[in-house]
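The values are calculated or read from the model by the stated rules, or taken from the named source; none is laboratory data. Predicted, not measured: the structure shown is a model, and the values here were computed from it. Glycine also receives a Cβ, built like all others from the backbone with ideal geometry; neighbour counts cover every protein chain displayed.
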């Protein structure tokens with residue numbers, strides 16, 4: 001843990017490291033589409049990308065791009081997720097890491113400088129005192145060159161303000177706040193990204209353009225975000241969402257789990273991916289599409305719900321399932337929730353028009369002895385016997401080799417978990 005960074009974080013205040021004119025990497029939709037045309041891909045999905053155009057920062061001339069770089073840097077796992085979503089358009093309309101003006105605008109206003117709504121800042125962080133604006137760096141994953149970044153400015157962020165605005169707290173007991181304080185470097189730097197190669201992962205992550213090509217252009221697509229294995233209740237939730245009156249006839253679900261870094265006690269991404277693959281094969285539901293997202297979770301609750309909706313919009317989704325306490329987190333000391341159960345749903349509804357994505361509130365499903373899965377309200381009204389199994393109890397049973405009730409988890413998923421954790 002970067003102890004001194006954490007100490008500095010508690011007393012940090014905004015100040016510019018340089019006074020160079022920042023490159024407005026995120027404010028111009030026209031610039032985002034100046035060199036690349038993907039109209040054929042856009043025609044394959046009903047939804048338009050965020051900001052109107054789908055960014056593609058990948059270059060065909062890798063040698064020329066690499067030749068401009070004077071510094072090589074190994075990217076962290078979180079940086080690899082961020083740079084991949086910049087390169088492939090998942091973070092459209094961004095074409096690079098946010099400069100100070102864009103960063104401040106998103107932190108304070110939840111929007112880019114041109115007013116385009118955006119949930120969380122996307123920044124390149126560093127402790128390197130020698131890195132200066134005007135430098136082009138080469139980000140690598142081991143020996144593989146991933147992208148170059150033309151650094152435009154360097155600034156000391158107000159991390160306290162960032163966390164208060166984006167996470168709702170500056171307490172280090174919050175996993176996202178702890179990440180900002182102890183994992184991210186002292187400085188943030190803005191700069192245009194030029195993509196060279198996609199990071200190598202243990203699971204395939206298709207680009208927004210590739211996913212769009214597979215989606216129908218005349219049907220609603222509702223996205224389901226998760227960061228944990230999909231159990232029976234989750235499956236019932238996202239398949240029943242297709243019956244919601246907000247979803248048009250013949251709509252489909254895109255199950256789009258995040259497989260990047262998340263909070264410390266979550267199941268590793270590679271294991272989660274294996275559970276999704278066996279479940280996809282077991283259920284074989286023609287109205288359910290499974291894809292994977294190289295995204296770094298922040299556990300930022302309402303603000304992260306907005307971020308997830310923007311990303312899925314870029315992947316072609318028209319609707320987004322908002323669960324109770326979505327992307328929520330608890331204090332590592334008190335165990336209390338940082339967000340209300342419906343905070344994410346409320347912010348999604350309030351910003352649905354700006355986002356151009358329709359939020360679909362998730363059903364509060366419970367399992368009953370008499371009628372299987374039903375809504376909690378219906379179970380209460382009918383006086384049905386509700387069965388419960390906590391996540392803590394489930395993990396204990398899993399490790400102890402006990403039988404897991406099939407109403408709670410799919411056998412194929414349980415088998416993978418037992419083999420990998």
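Tabulated data
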item	result
Residues (under 19 Å from residue 333 (Cβ atoms) and buried (at least 18 other Cβ atoms within 10 Å of the Cβ)) located in region 161-171	163, 167, 168, 170
Those residues of region 75-108 which are in a loop (DSSP other than H, G, I, E, B) and closer than 28 Å to residue 47 by Cα, in sequence order	88, 89, 90, 91, 92, 93, 94, 95, 98
Restricting region 339-350 to residues that are more than 23 Å from residue 233 (Cα to Cα) and out of contact with any strand residue (DSSP E or B) (no Cβ under 6 Å at 6 or more places or on another chain), the residue that is surrounded by the most Cβ atoms within 10 Å (Cβ to Cβ)	347
Out of 84, 72, sole residue that is modelled with pLDDT of 95 or more and crowded, with 24+ Cβ neighbours inside 10 Å	84
Meets criteria (out of contact with any helix residue (DSSP H, G or I) (no Cβ under 9 Å at 6 or more places or on another chain), at pLDDT below 95 and over 22 Å from residue 122 (Cβ atoms)) for residue 377	yes
Any hit, region 330-340, residues being in contact (Cβ under 8 Å) with a residue 40 or more places away in the chain, closer than 27 Å to residue 177 by Cα and either in contact with a helix residue (DSSP H, G or I) (Cβ under 8 Å, 6 or more places away or on another chain) or outside the structural domain of residue 300 (by TED's automatic domain parsing) (or both)	yes
Some residue of region 204-227 being surrounded by fewer than 20 Cβ atoms within 10 Å (Cβ to Cβ), under 16 Å from residue 78 (Cα atoms) and assigned by TED's automatic domain parsing to the domain that holds residue 276	yes
Given (1) in contact with a helix residue (DSSP H, G or I) (Cβ under 7 Å, 6 or more places away or on another chain); (2) free of Cβ contacts under 8 Å to residues at least 12 places away in the same chain, index of the condition residue 410 fails	(2)
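Listed here are the residues, each with its yes/no results for (1) surrounded by fewer than 19 Cβ atoms within 10 Å (Cβ to Cβ); (2) touching a helix residue (DSSP H, G or I) at 6+ places or on another chain (Cβ under 6 Å).
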site: 99; (1), (2): no, no
site: 108; (1), (2): yes, no
site: 118; (1), (2): no, yes
site: 122; (1), (2): no, yes
site: 129; (1), (2): yes, no
site: 144; (1), (2): yes, no
